[in-house]
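Have a look at the structure below before the remarks.
The values are calculated or read from the model by the stated rules, or taken from the named source; none is laboratory data. Since this is a predicted model, take the numbers as computed values, not measurements. Methodologically, a virtual Cβ is constructed for each residue, glycine included, from the backbone with ideal geometry; neighbour enumeration extends over all protein chains shown. Ligands, DNA and RNA are excluded from the accessible area calculation, which covers all protein heavy atoms including side chains. Shrake-Rupley method; radii C 1.70, N 1.55, O 1.52, S 1.80 Å.
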Amino acid sequence: MSIESCNCIEPQWQADELLMRYQYISDFFIALAYFSIPLELIYFVKKSAVFPYRWVLVQFGAFIVLCGATHLINLWTFTMHSRTVAVVMTTSKVLTAVVSCATALMLVHIIPDLLSVKTRELFLKNKAAELDREMGLIRTQEETGRHVRMLTHEIRSTLDRHTILKTTLVELGRTLALEECALWMPTRTGLELQLSYTLRQQNPVGYTVPIHLPVINQVFSSNRAVKISPNCPVARLRPHAGKFMPGEVVAVRVPLLHLSNFQIYDWPAVSSRNYALMVLMLPSDSARQWHVHELELVEVVADQVAVALSHAAILEESMRARDQLMEQNVALDLARREAETAIRARNDFLAVMNHEMRTPMHAIIALSSLLQETELTPEQRLMVETILKSSNLLATLINDVLDLSRLEDGSLQLDSTTFNLHSVFREVLNLIKPVASVKKLLLTLHLGPDLPVYAIGDEKRLMQTILNVVGNAVKFSKEGGISITAFVAKAESLKDMRFPDFIPVPSDNHFYLRVQVKDSGAGINPQDIPTLFTKFAQTQTLATRNSSGNGLGLAICKRFVNLMEGHIWIESEGIGKGCTASFIVKLGIPDRSNESKPSFAPKVLGNHGPSNFAGLKVLVMDDNGVSRTVTKGLLVHLGCDVTTVGTSEECLRVLSHEHKVVFMDVSSGIESYDLAVRIHEMFTKRQDRPLIVALTGNTNKVTKEKCMRVGMDGLILKPVSVDKMRGVLSELLEHRVVFETI
């Protein structure tokens, strides 16, 4: 049998489709598993901090990837495939074989080393080293914190800036074992830094360097400690000697916080962006370098110094302000005392002058009024009337000066009582009518229908204001008429844009009285109106028309109106067109129960009541002989039976039940008040006791209060005319009380 006919080779097996599918699926999952293993190795290498053979794992991963690629390529060989697939398959298997053999040989080499590695011990060792480093850092931070607290405590223990800076250098030098430490402060010009403090005090303090040096700009531009060259101008604090190299030097800026707000005498006027410079030098005989925690300590201390310096600046400025304030307070107190002394001296002078002037005025007016009631020739009567008119003008001037003085020093206060408002206007009209009739002026009064009959306020000051305003209108009018209008000012009319300072406050318990006095006189230049309310001032027009004014009337009226929370003003269209004077005052509205006629308080005691008091026994006590004689003359003229005495003892000796009235001068002092008390003791029954009336030249309220306290029945101000004495006696006998308003 020939070889050709021998069937030695197994015939080709027809592939089973099911087996092929199983192999196909198996190769797919084998490749998938191979590719996932390197991913796990990569994760292990990334997370492992102690495994020493990472490169072996990388090589093993490459082997597995190639094996997986071989199985993946087998997927294309189960069917008919091309030559390209066969070449790729062959190449993949060759690479897989090479890597597999290399990996196998390497494993044989490193397996003994792997077995000898104590992985757990190495891990613990690394962890222990890491903990040691962390503990060292914590200890360093604690040490730094302790030094900072110690330095801060030393710095904050004083608010003296020199002590703060010197203590800072000393404590830093001791804590950091420094060779030198210095502080450079900006000069007043801000163009240089001056060496102000050093640790060893071997450099002359006062040495300056330009502030615009590059090294200084470098430090000032950073908020951290900066290493600088030992040879720069700010670091040459000590001479370099020997063979040792100079130690490392750092510099840090010290903010001068807002010193511009707290100007210190010997400190520069710098803003919050200026800095001082702190320079620190390590010893030159060692190889020591600056550590991070030491630099942090220097930075923190620099900030603490800045805060302490700001506190010191505030303290110094506050102490200086306190000293200045104390000096100002002393000066103000001295000025206040001097002003009070001057006011007391002025008031004492005015009080004395008031009394001393009223006493002779009493004689002049009383005797002139007595002379006026005798038979006189027309020329004599004219002269007597001129004397009386001039005397009354002088008395008015005295009253005005005293009122103005008390208004300016604040001692004058309103005396608010319930009074008949309508009667005030009627009384003003009755007083002004005689003067107006002489000048043939028509005087009219219009009271608003809503004007209350009774009001609460200072009746005397209101009447004085109305009299002054109406009197001016009469005085400066030659013809025509004068109209007086009074009404309740409405709320909408109170707000006048011309007078922004006048702010009325309406209420249910008050109302605003508006009074207008319009005349047809020569008028006023509008430019002169603002000066009318200035004391001792007159317009040229008024001065030329009538020189009898004293320039006080309107000034006093304005102050009275201000006290009554009101406002006064004058309007005129010009010369020859008349003028209108208006004022508004605040008055109270009395309760219904109080709308009865108030107790008698005569304003002007004129010629009313009986004109003869024949047989009325009167006792006059006055230590001034002239005044005593004048008062007796007035009373005798009225028909009284008068007895005069000069002392209290004589008065008590002469006084009897027959005397109905006792006039006593209380200007002599406490003796007169004691006399009133003793008279009360002499007469236990009121109907048996004579009426006691004080005569005085003092216009202060203290005199009136003392008279009322000792039980006197009346008080009359000098000077007294015949008409005034007649009114006093009439009211006294009718009401048994007569207190003239002061």
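Quick notes
The rows are residues; the columns are (1) touching an Asp or Glu at 6+ places or on another chain (Cβ under 7 Å); (2) at pLDDT 85 or above; (3) among the aromatic types (Phe, Trp, Tyr).
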{"residue": "217", "(1), (2), (3)": "no, yes, no"}
{"residue": "222", "(1), (2), (3)": "no, yes, no"}
{"residue": "227", "(1), (2), (3)": "yes, yes, no"}
{"residue": "233", "(1), (2), (3)": "no, yes, no"}
{"residue": "238", "(1), (2), (3)": "yes, no, no"}
{"residue": "254", "(1), (2), (3)": "no, yes, no"}
{"residue": "261", "(1), (2), (3)": "no, no, no"}
{"residue": "271", "(1), (2), (3)": "no, no, no"}
{"residue": "275", "(1), (2), (3)": "no, yes, yes"}
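- Test: residue 726 is of a type outside the set (A, V, I, L, M) and over 15 Å from residue 666 (Cβ atoms): yes
- Hits in the stretch 410-431 (condition: assigned to a loop (DSSP other than H, G, I, E, B) and either open to solvent by 70 Å² or more (accessible area, probe 1.4 Å) or in contact with a helix residue (DSSP H, G or I) (Cβ under 8 Å, 6 or more places away or on another chain) (or both)): 411, 412, 413, 414, 415, 416
- So residue 434, is it part of a loop (DSSP other than H, G, I, E, B) and either in the same structural domain as residue 700 (by the TED database) or out of contact with any Asp or Glu (no Cβ under 6 Å at 6 or more places or on another chain) (or both): no
- Inspection of the stretch 680-702 finds no residue satisfying the criterion of being among the β-branched types (Val, Ile, Thr), surrounded by fewer than 22 Cβ atoms within 10 Å (Cβ to Cβ) and touching a Ser or Thr at 6+ places or on another chain (Cβ under 7 Å).
- Test result for residue 224, assigned to a loop (DSSP other than H, G, I, E, B) and either among the basic types (Lys, Arg) or surrounded by 17 or more Cβ atoms within 10 Å (Cβ to Cβ) (or both): yes
- Considering residues of the stretch 381-395 that are under 16 Å from residue 723 (Cβ atoms) and touching a residue at least 60 places away in the same chain (Cβ under 8 Å) only, the residue surrounded by the most Cβ atoms within 10 Å (Cβ to Cβ): 391
- Considered as a group, the residues in the stretch 565-590 that are part of a loop (DSSP other than H, G, I, E, B), over 38 Å from the mean Cα position of the chain (by Cα) and in contact (Cβ under 8 Å) with a residue 60 or more places away in the chain include one that is nearest to residue 479 (Cα to Cα), and that residue is 578.
- Search result, residues across the stretch 301-337 that are open to solvent by 60 Å² or more (accessible area, probe 1.4 Å) and more than 28 Å from the chain's Cα centre (by Cα): 303
- Conditions (1) without any contact (Cβ under 8 Å) to a residue 60 or more places away in the chain; (2) out of contact with any Leu (no Cβ under 7 Å at 6 or more places or on another chain); (3) under 28 Å from residue 473 (Cα atoms); (4) of a type outside the set (Gly, Ala, Ser); number of the one not met by residue 378: (3)
- For the stretch 707-730, the set of residues classified as charged (D, E, K, R) and surrounded by 20 or more Cβ atoms within 10 Å (Cβ to Cβ) consists of 713, 718, 724, 726, listed by residue number.
- All positions within the stretch 731-742 that are of a type in the set (Asp, Glu) and open to solvent by 40 Å² or more (accessible area, probe 1.4 Å): 734
- Each residue in the stretch 717-742 was checked for being small (Gly, Ala, Ser) and part of a helix (DSSP H, G or I), and 2 pass.
- Flag for residue 490 being closer than 30 Å to residue 441 by Cα and basic (Lys, Arg): no
- Helices (runs of 4 or more DSSP H) fully within the stretch 448-554 that include at least 3 residues being at pLDDT 80 or above and under 41 Å from the mean Cα position of the chain (by Cα): 459-475.
- Selection from the stretch 150-183 of residues that are among the basic types (Lys, Arg), modelled with pLDDT of 70 or more and more than 26 Å from residue 230 (Cβ to Cβ): 161
- Reported count of residues in the stretch 172-194, each being closer than 27 Å to residue 316 by Cα and free of Cβ contacts under 8 Å to residues at least 40 places away in the same chain, is 3.
- Per-region count, the stretch 279-298, residues crowded, with 18+ Cβ neighbours inside 10 Å, under 20 Å from residue 168 (Cα atoms) and not aliphatic (A, V, I, L, M): 1
- Counting the residues of the stretch 199-212 that are at pLDDT 85 or above and of a type outside the set (A, V, I, L, M) gives 3.
- Listed conditions (1) free of Cβ contacts under 8 Å to residues at least 40 places away in the same chain; (2) out of contact with any helix residue (DSSP H, G or I) (no Cβ under 6 Å at 6 or more places or on another chain) are all met by residue 456, apart from (1).
- Candidate set from the stretch 660-673 (those that are open to solvent by 10 Å² or more (accessible area, probe 1.4 Å) and out of contact with any helix residue (DSSP H, G or I) (no Cβ under 7 Å at 6 or more places or on another chain)); member that is nearest to residue 363 (Cα to Cα): 668
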